Each structure stands twice: as structure tokens, then as C-alpha cells.
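Here the structure is laid out as C-alpha cells; the discussion comes afterwards.
The values are calculated or read from the model by the stated rules, or taken from the named source; none is laboratory data. The structure displayed is predicted, hence computed values, not measured ones. Here Cβ is always computed from backbone atoms with ideal geometry, including for glycine, and neighbour counts include all displayed protein chains. All accessible areas refer to the heavy atoms of the entire protein, side chains included, with ligands and DNA or RNA removed. Shrake-Rupley method; radii C 1.70, N 1.55, O 1.52, S 1.80 Å.
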Amino acid sequence: MPSPTGDQISKSLFAERSEWSDVTPLQQYESLVNPLAPIFYTEEYKDATDYFRGIVKSGEKSQRVLELTEAIIRQNPAHYSAWQYRYETLLALDAPLDVELKLMDELAVKYLKTYQVWHHRRLLLAHTRKPAPELEFIARSLGVDAKNYHTWSYRQWLLAYFNDEDDLWRGELDFVDAMLTQDVRNNSAWHHRFFVVWGCGVREGEEDRGRILKRELTYVKQNISLAPNNPSAWNYLRGVLDHNQVLYSIVFPFVRLYTVPFNSERTDIVDLENPPPDKDANLPCPAAIEFLADVYEQDKNKESTLQAVELWMSLANEHDTIRKKYWEHRIREALEATKV
Amino acid sequence: MADQTPLPALARLGHASHCKRCLDGLPDSQTDIDASRLALAFYCIGSLDLLGILKDATPKLDRDRESWREWIWEQQTRGRCGSGFRPSPFMTAHHPPEEQIECTDYDSPHIIMTYTAFLSLSILRDDFSRLDRSGIITFLRACQREDGSFSTVPGSAESDLRTLYCAFAISCMLDDWSAIDVDRAVSFIATCRSYEGGYGQSPYCEAQGGTTYIAIASLFLIPSELRTSDPLTPEERQLTIQWLLRNQDESGGFRGRTGKEADACYCFWCGAALKILGASDLVDANSLATFLARCQFKYGGIAKAPGEHPDPYHTYLSLAALSMYPPSVANNSTWRFEPLDPLLNAREETSQWAKKYIPARQS
């Protein structure tokens, strides 16, 4: 079945086509009262939906229903009933779903932000159970919009749905790495990394969690050293430590490097555990100051608390003034806690 | 910091006319609203409510209110899975109005539309005598899925946190939670929590401002007698507050995800979540207002960001955000709003009306 392009599909109204003459079109219900937010439909949309209501009434599920629902979807990709009926028709016809997926490749990119496009795709995949080519499609689709929420959600759904297929999962870390190389500030990619490493079971070869923790700490530290003012990487660092219930003080020597202005007299000893900030970095880095204050706070003694307070004051008054009220609140709470 | 700059006026009349224009009709370029018209109507009517425009008792406004109510009630439908509200008659074939027809599976009630219909009718001070309460309970029951989440329409596999919130808000307004397995729903919410402290739309998804509001509001809507634990542990609460606050960027607006641009709608989603968590006094309300002032479109309506085109969704959510975060520097009264109930997302008076008139009468 060749899939017509958007232009071809509007070539003529269904009402003018002889092969549709056996269908009774049903006009939309017209209210007696003034409708709220009525849409001034085009002739084409009115025509296609009139025929669709007719088809639904008769219960017909045939090849031409695919053409009709496609025409509607192209004019209104959020028409969930057209999607639902289309899906049922595909199953009733035992239609080749790879052809449908091909059409979806085009529509997904065209209507990236529409829920239904992605929902339909999930339904198809649950039937075809061929997830591998999807990873390729998703990578292409992220090429158009690297932070698209639906696209990433779909990748996470796909992997979790086919959680036992190790082959499917094998390239995920390389994929994340490629996405982060393109844009190290892409939070969706950082989130995906967390999902792959920590969120959805333990992969083959990753059973030694101590080693994985070390690997991830090295990875995130290196990325922070290349771009220190990257909240996504700092959140990942916190997430990894929280998830593994490791005290923040484990990264104290690393974090401290980012809390002070750049030191030009710094000796260039290569310390892989604690990669220093890039010399062009904008320092000090507020995320690091916040982190260091948390390290002190976790100490839970008076002296450390005062050090945390000093850092919070610098955030409130200089480095992160939009959250001034928040930092002042942290100071009050911490001082309150030490009194007890 | 924007504290020192005086705010321009909030163009209340312009924003109201933007919403009224949309209620009067939408161009064909908005055909994709067809399957969610009732939600759009809510954003328009809701904006007018926040702006205080629906309080007037002019004959014209009385007529409008009456016809709006009638149209919304026309969307209440009954089918084999119970009753609720559909988005519009977009799938309904013409029939004589006096004829009651049972809706098909392709024209069934929709859970998000049902929530917005409850709010819109409360704004319009309807007495809800026409509400099919037992039908709604049947409908909600049909929407809940094995994993605790809810489908948009019965039988559909399309589900995420948005629909769960709607089920909770509807139960709250009905003061009847018998349709819902709360524990299963709460476990579903927990699977959407992310390491960042926010919640994603579905299990394993990235933390996002809108769905974080939805998760937090849902957890706090549960009546205490149905709760088995606190909505959040102190550590979770702290992390969520931190993540939400970090989403306010230098422009004063909130972004929806780490590293993204600020967007007017997240001023509501993040701001309301913070309000529910008891952390609203930590938000920089003056900068927030400065950002929203810049999102105003010169011919009325509020856009997602400065220089973009406005729509009722961003207009409503911006006004709702301002109802919770009045700027202290405003040198004119155009920025003043009545308080908002962040859990149901309605003006407090409207929320009280809903809770009074939607539950079944004790008789």
C-alpha cells in the first residue's frame, strides 16, 4: 500500500469519490445552544469526519478505512478515536504492521509532540515484538529534536517492555555517550543514563555494583570538569550517590575544586579521581557550592554547619540570588538544628 | 534581579478578550483541539473566573453563563462503561436533541474532560442536579488499570500520571473515593519518581514540572483516612522542593525540566507543587511576575515565552500562578488576584462550590 503524502490526500473529497458512494456520511451533532469554542473546520476535515462517523456506525473495518483514518490523522493527529479505530482495523485485516510502522516513521517526526502518534506505535510494537529497529528510528527522531519528551519516553518504554532482551540493551551506554558528546547539557540523556545503569535491573557484565559505581562517578566527574556549570551532571552525581546511599563526602576533594575561583598556580598533576575544572570554566560554580554545603551539613556537627552556612550565604548574596529566600531558609533550618 | 524595576500593568482586559474570542470560535488551524475542546473551554472560562469577570450580574453575562452550562451538560454522555464528559460532539452523529442515545466506544466519556467539566460548571455556579454520579463512579472504575494508572477513555491503553490526577480530583469533588484503588494508584505514582526529585509522566521517564505537580497534588488529595503513610518522606519532600526551586531560572520564569528554557505554564506547575509542599514563601515572586509580564502578547493573552503567540492554556496557568504568587513590587492593582486552591487548580471560592454541590446530597 503506497502511502499518499499530505498533498495527495486532499485531492478530492470522499463525497465526490465513487468508491465511497455506498457509505452514508453522518454529520456532526449540532447543538441547540451556542457551542463553546467551535472550530471552523475546513471542508476536507468535515467531509472526512462525516464519512468516519458513517464507517464507525456500520462497523466496517476494511482497507479503505485505513485511507480514511490516515486522512483524518493528517489533519488532526490528536483525533484519538480515529487512531483507535485505525488500530482495530489493522488487527481485523491482519494488515502488515511493518508497513504501518513505516508510515508512522513519517508521522512521528511530523507530529513529534502528539501523544497519540507514540501511543499507536507502542500498540504496534506490542504486536510485532521487533524492538531492535526501533532504536535506530528513535535515534533518527532525536536528531530532529534531541530533547523531545515523547521520543525519550518511548525509548524508555521500549527497553523496559523488552527488558529481557539483552541484545537490545547492549548499545545503550554508547548511545547515551554519543548523545552527551553532542550536547553534554542534554538532561534527557543524563536521565536516560540513570535509567540504563540504575533504573531497570542489572545487565549482564554489570553485576559488580561497586565497580559500576566507580565507573559512573568517574564518568560524571570527567563531564563536570569539561563543563562545570551543567546542572544535569550535578543532579546525576547526586542521584548516583543517593541511589547507592553513599555519603556526599566521598567526592569532597573533587567538588571543592569547583567552589573557588580558578587557580592559575595550580600544579598540573593528573589526578584521575579528581579532574580539575577546565581553565576557561566560569568559577566558582554555584552547583558545586551547594553540593559542598550539603557535604558539610551531612557531618551534623556545629563547626561543619557554620561552614555550610557560610557557603549558603555566598549563594544567597552573590552566586544564586534568585533563590535567596531558599538559601536563607536553609541557613535558618541548619542553625536551628544545631541548637537542639 | 528584577526587584527594583516597576512592573508594567497586567493587561487584564486584553487577556479576558483573548479568552472570549477563543470561546466564540477557533480557526481551522486549531483543528487539533477538536478532541479536547472542553479542556480548552475550561482554560478560557477559568481565566475569566480568575480575572473576576464572571462575577458581574449583567443580563448578557447571565445569558452567556446559561448557554455555556447547557453546552457543557450536552457533553455528559452515557455508555456501557458509565458516564462522564466527552471533549465535544466530534464523534457524535447528528440526532434529534430530545433523543437520548447511548454513546459508542469511540465517543465515550474522557477522564480529563470530565475533570475540566466539573471545574467549568463550578465556575459557572451550576447546581449539578443533572450529574449522573453513580455513572461517574462506574466510569472511573472502568478507567483504572492493573498497574494502578488510569486510561483516558475506558479500554484504551493510553494512560499516564495526568489521568490519575483527574481520577483523584474527580473523587475529591464527589467526596466519594469508592471507585478507586488508592493503594495501587499510589504505587504507580511512586514508579514515576525520578532521582532528580521530580516525577516523570510514566514509569522510568524524566522528571518534568507538569507531571511533578500532578503527582504531588494527587498524593495530597487523598483523604487522610485512606492514607497508609505520609504523602512523602521528609527526605523526598526536601529533594522535590530543591528540584522545583532550581527550575526557576534567571529570567524569573520556571522551566519544566533541568536545562530547558523557562515557560509560563511551568510557573504554575512548579509554583503550585511548591505551594502544596508548603514552600511557597521560598519562591522569588517578583521575578516570576517580571517574567510573566514579558510573556504578555500585545493584543491580549499570555504566551509560553516572550515573543511567542498566546493561547488560553498559557494564559490561564499564568494567571493561576499569579494568584498564588502575588508580586510585592506591583505598583498597580492589575496584579491582584483572589487566592487559588492549588490542589484542584481553581479559585478557592470555586473549589468550595465544587466540594459543596458535586457530592451526592445526604437525604
### Query
Given a 1.4 Å probe and the protein chains all in place, what does the accessible area of A:D167 round to, in Å² to the nearest 10?
120 Å²
### Query
Could you give the semi-axes, largest first, of the ellipsoid that matches the protein assembly as shown, computed as the square roots of 5 times the alpha carbon gyration tensor eigenvalues and rounded to whole Å?
44, 32, 23
### Message
A 23 angstrom limit on the alpha carbon distance is what I want to check against. Which of A:K221/B:K275; B:K55/B:K355; B:K60/B:K355; A:K214/A:K324 exceed it?
### Response
A:K221/B:K275; B:K60/B:K355; A:K214/A:K324
### Query
Counting each DSSP H run of 4 or more residues in chain A as -39500 (n - 2.57), what helix-only mean residue ellipticity at 222 nm follows after dividing by all residues, to the nearest 500 deg cm²/dmol?
-18500 deg cm²/dmol
### Task
Choose one of B:W353, A:M104, A:Q222: the residue whose Cα lies farthest towards the positive end of the charge dipole of the protein assembly as shown (beta-carbon charges +1 Lys, Arg; -1 Asp, Glu; about the Cα centre).
B:W353
### Query
Which lysines, on any chain, are close to A:K61 with Cα under 29 Å apart, when same-chain ones fewer than 8 places away are left out?
A:K11, A:K46, A:K102, A:K110, A:K113, A:K130
### Query
In percent, what relative contact order does the stretch B:233-363 have, based on Cα pairs under 8 Å that are 6 or more apart in sequence?
19 percent
## Note on the structure
Expressed as a whole-number percentage, the relative contact order of chain B with C-alpha contacts under 8 angstrom and at least six residues apart is 20 percent
## Note on the structure
Note, A:V109: beta-carbon cut-off 10 Å, +1 each Lys/Arg, -1 each Asp/Glu, net -1
### Query
Cα atoms only, the stretch B:128-259: Rg and Dmax in Å?
15.7, 49
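Starting from the coordinates of the alpha-carbon atoms of the stretch A:36-148, obtain the Kirkwood hydrodynamic radius over all distinct pairs and give the value in Å to one decimal.
With all distinct Cα pairs of the stretch A:36-148 included, I get 15.0 Å.
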### Summary
The size of the Cβ-based charge dipole (Lys, Arg +1; Asp, Glu -1) of the stretch A:1-95 about the Cα centre, to the nearest 20 debye, is 180 debye
### Task
For the stretch A:1-95, state what percent of all Cα-Cα pairs lands in each successive 5 Å bin, counting from 0 Å until the bin that includes the largest distance.
2, 12, 24, 25, 20, 9, 5, 2, 0
#### Entry: Nearest-20 debye value, the protein assembly as shown charge dipole, Cβ charges on Lys, Arg, Asp, Glu
1200 debye
### Query
Can you give the mean number of other chain Cβ atoms that lie within 10 Å of the Cβ atoms in peptide B:152-163?
3
## Note on the structure
Of the candidates B:P59, B:W73, B:M91, the farthest towards the positive dipole end of the stretch B:35-102 (Lys/Arg Cβ +1, Asp/Glu Cβ -1, centred on the Cα centre) is B:M91
### Message
Restricting to DSSP H runs of at least four residues, report the calculated mean residue ellipticity at 222 nm for chain B, -39500 (n - 2.57) per run over all residues, nearest 500 deg cm²/dmol.
### Response
-14000 deg cm²/dmol
## Note on the structure
Given Cβ charges of +1 for Lys and Arg and -1 for Asp and Glu, the option among A:S12, B:C19, B:Y195 whose Cα lies farthest towards the positive end of the dipole of the protein assembly as shown is B:C19
### Normalised contact order of the stretch B:34-88, rounded percent, pairs of Cα under 8 Å and 6 or more residues apart
49 percent
### For the stretch A:213-340, the Rg and Dmax computed from alpha carbons only, in angstrom
14.8, 45
### Task
Give me a single rounded figure for A:230-242: the average over its residues of other chain Cβ atoms within 10 Å of their Cβ.
4
#### Entry: Mean Cβ count within 10 Å, highest first, over the residues of peptides B:52-62, B:307-317
B:307-317, B:52-62
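Which whole number gives the average, over all residues in B:217-223, of C-beta atoms from other chains lying within 10 Å of the residue C-beta? Kindly include the intermediate steps, with their values, before the conclusion.
Details: counts 0, 0, 0, 0, 0, 0, 0.
Across the residues of B:217-223, the mean count of other-chain Cβ atoms within 10 Å is 0.
If you take all C-alpha pairs in chain B, what percent of them are over 30 Å apart? Show your work: numbers first, answer last.
Numbers: 23804 of 65703 pairs.
Of all Cα-Cα pairs in chain B, 36 percent lie more than 30 Å apart.
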### Task
Using only Cα positions of chain A, each an equal point scatterer, no hydration layer, compute I(q)/I(0) via Debye at q = 0.08, 0.13, 0.14 Å⁻¹ and quote the log10 values to two decimals.
-0.60, -0.99, -1.08
### Query
Where the centroid of each part is defined by its Cα atoms, how far is the stretch B:152-221 from the stretch B:128-142 in Å?
20 Å
### Message
Quick check: Cα centre of the stretch B:299-336 to Cα centre of the stretch A:231-299, how many Å?
### Response
38 Å
### Task
Quickly rank A:277-283, B:338-344, B:182-188, B:254-260 as a protection proxy: mean count of other C-beta atoms within 10 Å, highest first.
B:254-260, B:338-344, B:182-188, A:277-283
